[in-house]
Amino acid sequence: MTLRLVTLAVLIVAAGASWAFSGFFGKDLLTEIAILAIFAMSLDLLAGYTGMVSLGHAAFFGVGAYGMAAAGSLLGLGGLPAMAVAVAAAMALALIVGVFVVRLKGVFFIMITLAVGQMVHAWVFRSEALGGDDGMGGIIRPDLGTIGLVLDDPADFALFALVLAFLSFLALDLVARSPFGRLLTAIHQSESRARALGCPVERYKLGAYVIAAAFAGLAGALAAQRDYFVSPEFLTWTVSGEVLIVVIVGGMGSLLGPVIGAAVVTLLKHQLSDVTTYWMFFLGLFFVLVVMFADRGLYGALRRLKRRREAAT
Amino acid sequence: MTPSLEARSLVKRFGALTVTDSLSIGFERGARHAVIGPNGAGKTTLFNLLAGALRPDAGQVLLEGEDVTAAGPDARARTGLSRSFQRNNPFPDMTVAENLETALAIAGGVGRVFWRGFGHYRSLAEKAREIAGSVGLNMVGDTIVRQLSYGMQRQLEIGLALAAAPKVLLLDEPTAGMSPEETEAMRHLIAGLPRSITVVLIEHDMDVVFGIADRITVLDQGRVLLTGAPEKVRDSAIVRERYMGSGG
């Protein structure tokens, strides 16, 4: 069996077991991990596969969250249509912004995505319709009574988030393995060659940007439901920075790495903050160690471990 | 007959330096046309102008009679213009087979399919094996390109350019940095390309040039010094004096 399948199986079993045996707090943590995993996987498609390291991914997360809130409380839509609106809003923003930003590379791309993230934050912060810095409530979770789920129950909501994380993985994994995904990897490895072969590079980058935004928007919509509340905090640049750290720690360009990263970072954050008030320091130290000693993050470390095993036998 | 590829009064300046100086040149269909000239004559700039990697300050580029001056390199590639690079420029972390399959996927227009695995397109793998064989890489299909020898990466350059099924093939110093054996193999490979492809070649190795080319253009300071059959160029006093005199 491949490392990928084993890792996937372990993650599913771990998620299932923690869901079955944890209490309220544990299920809330699981929900948080699932949401961060979707968010991180979406960024991985951009940063890991296509080489577009964005520092403004929170914009799409935030627009998803606010889209959820606004669709519910301003348009009076139900939970599932509101989620569709949230995802569509994130994709629409990505399409508009993307036309401009996909032309930029490297540090310029990082700076423009950061700037766009800040613009969206500033706009939401000032917007009266969206509650300004007070944020917005009135969010409804979808009604899944037909399949026996009561999402207002934390256990059912955790399950909902986990299933969506799993489906997001399947979808993004399919994209990554498709000809389209292969071309994204090719663009990452040599943009000039891809172009010389006839690939309209900007259009592919735009496609990746919109797909990534869709899943970031989905994560945002879930985050809004989790808290029943959204605020401009969802859109701050540190949210973009944190998710990028999760992707790097987990291992770029693997999709499963960011899932591991989401779990490890979330758990560490909670465990360390219980033990010490200096938890951010130790979390930072952990990041530094991973980046220094684990090329391609935790998933990369697993891959090397497996290779060494095989070489030994 | 309209040339396969044509440049009309191309001008390219970098700051005060005019690298391409109202240069006109035509490449006939099926030709083996070499472009030679001393370093700094503007050969690679001309290539980049032809391929669309650079935009000219004035003048036109025509591909199969159509004005493609405004078209980017990807659009030109889609209409049948393919190039190799002076410095190896493959997808370094993919295998040889994956490189060629990717090139074929781009050329075949299946790149926008995102709902189905790459493995679905078996014919690409078959075609990739064929091309790998034709450029002498059939034994290393599963090798990561980064781990290939320099010469083999050079061969892959040609393979990638061929995967786009070009009408016109621009080869930028295909034998640069190669050993004599590798150079000979490359000469053989280029000589064996189908005659339906117009081959435009920048090359420093005069044995390769005179072994392959049926037409030679000498560039000097961004202008065409001379165009003609190999014998004519070989016998030209001005070329001997300016270029081939120094051990060429």
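The values are calculated or read from the model by the stated rules, or taken from the named source; none is laboratory data. Note that the structure is predicted; figures quoted are calculated from it, not measured. Reconstructed Cβ throughout: ideal geometry from the backbone, glycine too, with neighbour counts over all protein chains shown. These accessible areas exclude ligands, DNA and RNA; they are computed on the full protein's heavy atoms, side chains included. Shrake-Rupley method; radii C 1.70, N 1.55, O 1.52, S 1.80 Å.
Here the accessible area is traced with a 1.4 Å probe on the protein chains. For the protein assembly as shown, carbon and sulfur cover 61 percent of it. Convex hull volume of the C-alpha atoms in the stretch A:1-146, normalised per residue: 157 Å³.
Estimated from helices alone, the mean residue ellipticity of chain B at 222 nm is -9500 deg cm²/dmol (sum of -39500 (n - 2.57) over DSSP H runs with n ≥ 4, per residue).
Interface size, chains B and A: roughly 2400 Å² of accessible area buried, both sides included, 1.4 Å probe, rounded to the nearest 100. Once the Cα atoms are used to define both axes, helix B:180-191 deviates from the longest principal axis of chain B by about 90 degrees.
Summarising the label geometry, the points placed 7 Å from Cα in the beta-carbon direction at B:ARG234 and B:ARG122 lie 5.1 nm from one another. Computed from the Cα positions only, the extents of the stretch B:88-164 along the three principal axes stand at 36, 22, 18 Å, in decreasing order. Expressed in Å, the radius of gyration and Dmax of the Cα atoms of the stretch B:1-102 are 14.9, 45. Note on chain B: Cα-Cα pairs beyond 21 Å make up 58% of the total pair count. Normalised by 2.2 N^0.38 Å, where N counts its residues, the alpha-carbon radius of gyration of the stretch A:100-149 equals 1.84. Considering the stretch A:128-199 at the alpha-carbon level, its Rg and Dmax are found to be 20.6, 54 Å.
Counting, for every residue in A:220-230, the Cβ atoms of other protein chains within 10 Å of its Cβ and taking the mean gives 0. Sorting B:150-157, A:131-138 by average packing, meaning the other beta carbons within 10 Å per residue, from highest down gives B:150-157, A:131-138.
Put a dot 7 Å past the Cα of B:ALA16, heading toward its Cβ, do the same for A:ASP152, and the two dots end up 7.9 nm apart. Note: relative contact order over chain B, using C-alpha pairs below 8 Å and six or more positions apart, is 28 percent.
Two numbers describe the Cα atoms of the stretch A:3-312: Rg and Dmax, which are 19.1, 64 Å. Pairs from the table (A:LYS205/B:LYS127; B:LYS43/B:LYS127; A:LYS105/B:LYS12; A:LYS205/A:LYS269; B:LYS43/B:LYS232) lying more than 23 angstrom apart at Cα are A:LYS205/B:LYS127; B:LYS43/B:LYS127; A:LYS105/B:LYS12; A:LYS205/A:LYS269. Which helices of chain A meet both criteria: a Cα extent of 18 Å or more along the helical axis and a mean Kyte-Doolittle score no lower than 1.6, with helices taken as whole DSSP H segments? What comes out of the filter, once short or polar helices are dropped, is A:3-21, A:79-101, A:154-177, A:237-250, A:279-293. Compactness check for the protein assembly as shown: Cα Rg over 2.2 N^0.38 Å is 1.15. Put simply, when A:255-264, B:38-47, A:49-58, B:108-117 are sorted by average Cβ atoms within 10 angstrom per residue, most first, you get A:255-264, A:49-58, B:38-47, B:108-117.
From its DSSP helices (H runs of at least four residues, each -39,500 (n - 2.57)), chain A gives a residue-normalised ellipticity at 222 nm of -25000 deg cm²/dmol. Peptide packing: for B:205-212, A:5-12, the average count of neighbouring Cβ atoms within 10 Å per residue gives the ranking B:205-212, A:5-12, highest mean first. A straight chain from A:LEU104 to A:LEU5 at 0.36 nm per residue would run longer than the Cα-Cα distance by 32.1 nm. For the segment B:81-87, counting C-beta atoms of other chains within 10 Å of every residue's C-beta and taking the mean gives 2.
Put the Cα centre of the stretch A:116-164 next to the Cα centre of the stretch B:192-217 and the gap is 65 Å.
Heavy-atom accessible surface of the stretch B:88-164, averaged per residue, reaches 45 Å², computed with a 1.4 Å probe.
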